[in-house]
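Bear in mind that the values in this text are calculations on the coordinates, not laboratory data. Because the structure is predicted, anything quoted here is derived from the model rather than measured. Cβ placement follows ideal geometry from the backbone for every residue including glycine, while neighbour counts extend to all protein chains displayed.
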Amino acid sequence: MSVPRDLRLTWTAPLAAVVCALALGSCAAGPEGGAGGPAPAVVTTAAGDTMVFVPGGTFEMGSPAGRDDERPVHTVRVAPFLMDLCEVTQAQWDRLVLGNPSHFKGPDRPVEQISWADAALYCNKRSRAEGLEPCYDEETARCNFDADGYRLPTEAEWEYACRAGSRTAHFFGDDPRRLGDYAWYGANAAKKTRPVGTRQPNSWGLCDMYGNVAEWCNDVYEKDSYAQSPSENPRGPGKGERYVLRGGAWNSGPEACRSACRAAESPGFQDACFTRDAIGFRCVRRVPPAAGLFSGASAPAGPQGDPGSAGAPAAAKPLQVGLVYDDAYLRHLTGPGHPERPERLTAIVDRLRKTGLLEQLVPIKPAPAAREWLTTVHSAAYVARVESSYADGVTYLDTLDVPISEASAETAALAAGGVLAAVDAVAAGKVASAFCAVRPPGHHARRDKAMGFCIYNNVAIAARYAQKKHGLAKVLVVDWDVHHGNGTQEMFYDDPTVLYFGVHRYPFYPGTGAADEKGEGRGRGFTVNVPLAAGGGDAEFKKAFTEALEPAAARFAPDLVLISAGFDAHRDDPLGGMKMTAEGYADLTRIVKRIARASARGRIVSVLEGGYDLEGLAASVEAHLRALREP
Ligand SMILES: [Zn+2]
């Protein structure tokens, strides 16, 4: 969540300067052999990415000596645009999208195994992160060229930028033996991608236009499209089965690494001829009005407004919802047969990926919670014991149901820290709400004791963090796990600044959570428990929410709502013995949203607790997230 919201472009060099590779890492300077042409300028975007200003102009598109689909050569004029200096790297991808699909891993290598739709969705995410208007309609995949956000280049833009004023087969001339100076391709790449920007750029400063990965263009491919191509800003045919790829890749011969060479692939890789790990992309965007560039005037606000502000014209759009997840959460190992296992999280992420929801969420990167925050609710002695136990030869913490492995202490700190990162994102208005797919869970963890699969009390730590770090004085904890959140209740039992609401099966593990547990001292009335008999389902939970939670929350008027989101009351859960459905969890979510909107500007951070039937868990999380996204 470190993407700055500064909307301005900052020039790293004056427009008129001949820039080629000022501070561009290893992208070698020197437009020798290129065809001169206008001087390029390099700009740094709000997010810190480097783009090249490609001036508008006219060129001869296609090649008389090339393949059939490169003819007829025709004159094309393109408007100026900004183009990524390099192919989109895995580091850039990771900043915005959860899960790196690339075969050849490395932060500086181009991201690959990217479908056309993946690339378009990335463009939209990148636009939103910078407050720009996304170009792609995510239903129809249609591109709005008037939007100021990122998009894929048209085929004409790509070829124009690649040629950089040249008319030869390659931008450096006709002799393919020089290709190795400019490209990682079949002859020199050793069967893999290479870090971007490590060969010489073309004379406009663009790197890796040939080789490394073939680049998606925005256009649909049609073999004969040049015959009826318009001369002004052509955008390709309206319909077709395949989309254009340009530039050749690490596995291409010199013939494919030519400025005019066209390739095509189905946008979702159905019957792919190209190998997927040879396909990536780079982005372009419209040049902002000159006035905006030079005066530093802000661009109009994008759709990612303050989630709490009502009546925005974008109100019908889905809300931005963050997702905390990291593969490191799989490293806490509990041993064979333990229900709280790493597969719980993989089931969730797989489902979100398959249903396309993952793409729609804003990834939030966790960092381990600092001791200073862990000790807001746990004793320093307990934290020290968690940290040293495994090395001391301990195989479980306090109770037999909390087995630990080498990475357990670290993972537990990362789980708590993930929730803190979500609080930061929600408090800053970067997302309306966030879900934390973390483990180990937390709500049974006590000040000095692990229990019930829990090590650190993630939600309780987050409540204190929100208060102290963000000044969110009153925090409501809604705990719908089938088990009572004894640890959380106990930590705030005498505290009127945290309202704990628990609905759970009772009597049941851990034995607490009776209706007469209501808090004590100044905290009296700030603990609310609704015990349910075994076998209860959607109706019973919903009734508890409307009859007990809503009135209590209305009186309390929280500044932030945390959800201890256990999904072990699902009807398929092996532990819960209740009958909730995924849709039931969506309904509960909607009620919590109503509460959060009334006093907390919609701020919700939801944290995974239990849920042990992989399918029921994944379906419930999906329904929960979809409800969070509803406008
Ligand atoms: Zn539970």
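Things worth noting here:
- Sorting E520, E490 by the number of Cβ atoms found within 10 Å of their own Cβ, with the fewest placed first, yields E520, E490.
- Amide H contacts under 5 Å for W184, placed H, 5+ residues apart: N212
- Scaled against 2.2 N^0.38 Å for its residue count N, the alpha carbon radius of gyration of the chain is 1.08.
- Partner aspartates and glutamates whose Cα lies under 19 Å from the Cα of K223, excluding those fewer than 8 positions away in the same chain, are identified as E60, D68, D69, E70, E155, E157, E159, E215, E241, E255, E265, D271.
- Across the cross-link table entries K430/K542; K317/K365; K125/K542; K365/K469; K317/K593, which are compared at the Cα atoms, the separations over 26 Å belong to K430/K542; K125/K542.
- In the chain, Cα pairs under 8 Å separated by at least six residues give a relative contact order of 12 percent.
- Equivalent-ellipsoid semi-axes for the stretch 321-629 (Cα gyration tensor, √(5λ), whole Å, largest first): 25, 22, 20.
- Centre-to-centre, using Cα atoms only, the stretch 347-368 and the stretch 385-404 are separated by 30 Å.
- Cα-based reach from K543 at 19 Å (exclusive), listing aspartates and glutamates while leaving out same-chain residues under 8 positions away: D479, D481, D516, D568, E583, D587
- Antiparallel content of DSSP bridges confined to the stretch 321-629, in %, to 5: 10 percent
- Cβ-defined net charge surrounding L330, 10 Å radius [Lys, Arg +1; Asp, Glu -1]: +1
- Of all DSSP beta bridges in the chain, antiparallel share, percent nearest 5: 45 percent
- Angle in degrees between helix 343-354 and the longest Cα principal axis of the chain, rounded to the nearest 10: 40 degrees
- Semi-axes of the equivalent ellipsoid for the stretch 41-288, Cα gyration tensor, largest first, Å: 23, 21, 18
- Averaging Cα coordinates gives a centre for the stretch 85-115 and one for the stretch 407-464; these two points are 28 Å apart.
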